[in-house]
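*Asks:* Please see the structure below; I have some questions.
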Amino acid sequence: VTVVSNKSYVTPKSFILNGIPGLEKVHVWISLPLCTMYTISLVGNLGLVYLIHQKESLHRPMYFFLAMLSIIDLFTCTTTLPNALCIFWFNLKEINFNACLVQMFFVHGFTGVESGVLMLMALDRYVAICYPLRYASILTNPIIAKAGLATFLRGVLLMIPFPILVKRLPFCQSNIISHTYCDHMSVVKLSCASIKINVIYGLTIALLIGVFDICCIAVSYTMILRAVVSLSSADARQKAFSTCTAHISAIIITYVPAFFTFFTHRFGGHIIPPSLHIIVANLYLLLPPTLNPIVYGVKTKQIRDSVIKLFKGEK
């Protein structure tokens, strides 16, 4: 019988975030597109929030939800990207244990809130297309505020157990995390105890947030499709569809890399190279903040017109 000393089961003071394993020599080159995307996301989302705040013509439910999405996107990428750039540029890999748990909480919390906001935006499009005459009376400012608060609280409260469940685990193996940020599964895999509870809770949260939100989005767009098809005018159908294209693009940008990351962690660890998984995991947090302002700026006429008027006014 092998006796294991209690000293082996300790909480590490810190973890070492190893960046992208196998690609250490090109970390600087990898950082360049990531830094560019982060800069675009900061400028695009801050500009979008400012525009919605300034322009009274954009004080409508659709744009209030878009402002919520932009704010969440800003927090999401800022939680991880500066830390990743410090690893790539300055080789600053060490992160305090508690700081790691805080980062983990914010990463999963903000992504959960983002999913909820995308669901609210789908419901907004459903009301706008299926009940256009009652749109303003249904989606009032108090309703929007309550929906946003409920979505935020859901994302935050459901993520609180993650750091608590990790903190109870003993770590007697390596403290090196092959990642650029503290992801829940990357951290718990270092534990020398059973992580069954962590895995079950992670899957439960994925069902409560991800699957629920996607089902609501799917139902909303099914109803929208039925309403649009029933319109007699081809122009009316095209206009109704065009109001949804930006949101559909945002859904694809957000959920495709999210599902890839989720399933790779649990089922594809021996098939997908770790370097590819970590690159996609970073893009999963960076693509939506980078592309959403561009997509909405290109696809939404009111935003395009407001940007043009804003620059003309400044000149």
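*Asks:* Enter the angle in degrees (range 0 to 90, nearest 10) between the Cα long axis of helix 196-205 and the first principal axis of the Cα atoms of the chain, meaning the one along which they spread out most.
*Replies:* Rounded to the nearest ten degrees, it is 10.
*Asks:* ILE177's amide H: which non-local residues (gap 5+, or another chain) put their own amide H closer than 5 Å, with H modeled 1.01 Å from N in plane and none for Pro or chain starts?
*Replies:* ILE16, LEU17, ASN18
*Asks:* How long is the gain from ALA236 to LEU46 if the chain were fully straight, where each residue apart is worth 0.36 nm and the alpha carbon distance is subtracted?
*Replies:* 65.1 nm
*Asks:* With no other cysteine's Cβ closer than 4.7 Å, which Cys residues of the chain count as lacking a disulfide-compatible partner?
*Replies:* Cysteines lacking a close Cβ partner in the chain: CYS35, CYS77, CYS86, CYS130, CYS215, CYS216, CYS244.
*Asks:* Under a cut-off of 22 Å between alpha-carbon atoms, report the lysines in cross-link reach of LYS196, not counting same-chain residues fewer than 8 places apart.
*Replies:* Straight-line reach from LYS196, under 22 Å: LYS167.
*Asks:* Give the label of the value calculated from the structure for Rg and Dmax of the Cα atoms in Å, choosing from (i) 21.6, 73; (ii) 21.7, 80; (iii) 20.7, 65.
*Replies:* Of the listed options (i) 21.6, 73; (ii) 21.7, 80; (iii) 20.7, 65, (ii) comes from this structure.
*Asks:* With bins 10 Å wide starting at 0, give me the P(r) of region 1-159 over every alpha carbon pair, in whole percents.
*Replies:* 9, 27, 28, 19, 11, 5, 1, 0
*Asks:* Could you state the angle between the C-alpha long axis of helix 274-299 and the longest principal axis of the C-alpha atoms of the chain, as a value from 0 to 90 degrees rounded to the nearest 10?
*Replies:* Result, in degrees: 20.
*Asks:* What angle do you read, to the nearest 10 degrees and between 0 and 90, between the alpha-carbon axis of helix 61-90 and the longest principal axis of the chain?
*Replies:* The angle comes out at about 30 degrees.
*Asks:* Going Cα to Cα from LYS309, which lysines come in below 20 Å? Please leave out same-chain ones fewer than 8 positions away.
*Replies:* LYS55, LYS299, LYS301
*Asks:* Whenever you get a sec, compute what percent of the accessible area on region 15-312 sits on carbon and sulfur atoms (1.4 Å probe).
*Replies:* About 72 percent, which is the carbon plus sulfur part of the accessible surface.
*Asks:* What size of dipole, in debye to the nearest 20, comes out for the chain about its Cα centre when the only charges are +1 on Lys and Arg C-beta atoms and -1 on Asp and Glu C-beta atoms?
*Replies:* It comes to approximately 300 debye.
*Asks:* If you count, for each residue, the other Cβ atoms within 10 Å and average over each peptide, how do 56-67, 227-238, 25-36 line up from highest to lowest?
*Replies:* 56-67, 25-36, 227-238
*Asks:* Still on this structure, I have one more. Check the straight Cα-Cα distances from LYS13 and name the aspartates and glutamates below 19 Å, setting aside those fewer than 8 residues away within the same chain.
*Replies:* Of all the aspartates and glutamates, those that pass the test against LYS13 - Cα under 19 Å, at least 8 places apart if same chain - are GLU94, ASP183.
*Asks:* Only helical DSSP H runs with n ≥ 4 go in: add -39500 (n - 2.57) per run for the chain, normalise by residue count and round the 222 nm mean residue ellipticity to 500 deg cm²/dmol.
*Replies:* Theoretical 222 nm ellipticity from helices: -25000 deg cm²/dmol.
The values are calculated or read from the model by the stated rules, or taken from the named source; none is laboratory data. This structure is a prediction, so every number in the text was calculated from the model and none was measured. Neighbour counts are summed over all protein chains in view; Cβ atoms, including those assigned to glycine, are modelled from backbone coordinates with ideal geometry. For the accessible areas, the whole protein counts, side chains as well, though only heavy atoms, and no ligand, DNA or RNA atoms are used. Shrake-Rupley method; radii C 1.70, N 1.55, O 1.52, S 1.80 Å.
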